[in-house]
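Each remark here refers to the structure printed beneath this line.
The values are calculated or read from the model by the stated rules, or taken from the named source; none is laboratory data. Computed from a predicted structure; not experimentally measured. All Cβ positions, even for glycine, are placed from backbone atoms using ideal geometry, and neighbour counts span all protein chains on display.
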Ligand code: PMP
């Protein structure tokens, strides 16, 4: 991803793709002092753009890190980056981090907080698996307690076990891994939230120890508008056998049907298809 044409917005300027570099003594690289966003632009408009910019600032705040830009400035940066690259449909990645500076150690109070906005063209997150239903492994790692790490932040440090779990899943021929949390409840996948269907009612884990995704919130609203009942609650892994349908939600994943989690099977049913189609229409509206 480093050797190609294009532009990346870095701290106020559009720089050629190959020159968008940071110093090796960047604090974030050593201590995970980094927060980011994943967004999708459809037909020239970023879906829930301001919500993503606000979440980026909030993620920084949760890490005691003040991002020196407003929502409006971040909006401007994202659209400037898209325009410079000539994209109307792209994935947008904003990232803020503690840079290199006067200190090199755990404390970084005197180091600048930096912001960059990149993008790339990204199709279906789970590729061809989508309509067959993605196959998920069950991660051996657990989502941590909100008393251990700020779990509501979209922070780089929370992704260390995601990469490890996704690699383990891929080695078994799965597309992704589903995490339980520190209490043993069903939590989320490595980059997406999860929903289940039982007897026409939708159940989804209560977002009290993982990222309450913007897509998750959008889909809950959509389901309620369809007149469906949505129950947000703690879900035990033993319950997986009782659900008929399952799907994942996320900016990159959009609405992706799940066909299998560990030994449990789900059908790509009518409701899953309807939710996926309605979401697709909404993001392009
Ligand atoms: N959980 C994790 C760990 C994620 O990385 C993502 C993707 N940002 C989500 C959930 C879904 O969040 P959103 O719908 O805001 O993209």
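Give the residues of the stretch 77-89 that are without any contact (Cβ under 8 Å) to a residue 60 or more places away in the chain and surrounded by 14 or more Cβ atoms within 10 Å (Cβ to Cβ), sorted by residue number.
Answer for the stretch 77-89, where residues must be without any contact (Cβ under 8 Å) to a residue 60 or more places away in the chain and surrounded by 14 or more Cβ atoms within 10 Å (Cβ to Cβ): 79, 82, 87, 89.
With the structure loaded, tell me whether residue 127 is under 25 Å from residue 176 (Cα atoms) and out of contact with any strand residue (DSSP E or B) (no Cβ under 7 Å at 6 or more places or on another chain) or whether it fails that test.
Spelling it out, residue 127 is indeed under 25 Å from residue 176 (Cα atoms) and out of contact with any strand residue (DSSP E or B) (no Cβ under 7 Å at 6 or more places or on another chain).
Can you tell me which residue in the stretch 18-41 is farthest from the ligand (Cβ to nearest atom), limited to those that are in a helix (DSSP H, G or I) and in contact with a helix residue (DSSP H, G or I) (Cβ under 9 Å, 6 or more places away or on another chain)?
Residue satisfying both the conditions and the ranking: 31.
Going by the conditions given, is residue 192 closer than 16 Å to residue 126 by Cα and surrounded by fewer than 23 Cβ atoms within 10 Å (Cβ to Cβ)?
no
Yes or no: the stretch 54-65 includes at least one residue that is in contact (Cβ under 8 Å) with a residue 40 or more places away in the chain, farther than 18 Å from residue 152 by Cα and more than 16 Å from the ligand (Cβ to nearest atom).
no
Identify the residue in the stretch 253-267 that is surrounded by fewer than 19 Cβ atoms within 10 Å (Cβ to Cβ) and in a loop (DSSP other than H, G, I, E, B) and, among all such residues, is nearest to the ligand (Cβ to nearest atom).
So, considering only residues that are surrounded by fewer than 19 Cβ atoms within 10 Å (Cβ to Cβ) and in a loop (DSSP other than H, G, I, E, B), the one nearest to the ligand (Cβ to nearest atom) is 262.
What do you reckon, is residue 272 touching a helix residue (DSSP H, G or I) at 6+ places or on another chain (Cβ under 6 Å) and buried (at least 16 other Cβ atoms within 10 Å of the Cβ)?
No: the conditions fail for residue 272.
Take the conditions within 16 Å of the ligand (Cβ to nearest atom) and over 24 Å from residue 59 (Cα atoms) and apply them to residue 242. Does it pass?
no
Based on this model, can you work out whether residue 136 counts as under 15 Å from residue 38 (Cβ atoms), modelled with pLDDT of 95 or more and buried (at least 16 other Cβ atoms within 10 Å of the Cβ)?
no
Every residue, every condition in (1) in contact with a helix residue (DSSP H, G or I) (Cβ under 7 Å, 6 or more places away or on another chain); (2) within 10 Å of the ligand (Cβ to nearest atom); (3) more than 19 Å from residue 38 (Cβ to Cβ), yes or no:
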| site | (1), (2), (3) |
| --- | --- |
| 152 | yes, no, no |
| 186 | yes, no, yes |
| 197 | yes, no, yes |
| 217 | no, yes, no |
| 231 | no, no, yes |
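Do we find that residue 58 is surrounded by fewer than 19 Cβ atoms within 10 Å (Cβ to Cβ), within 19 Å of residue 279 (Cβ to Cβ) and within 18 Å of the chain's Cα centre (by Cα) in this structure?
no
Return the pair list, or none, for Cβ contacts closer than 6 Å from residues in the stretch 204-226 that are touching a residue at least 12 places away in the same chain (Cβ under 8 Å) to residues that are within 11 Å of the ligand (Cβ to nearest atom) and in a helix (DSSP H, G or I), at least 6 apart or on different chains.
Every condition considered, the pairs that remain are 214/51.
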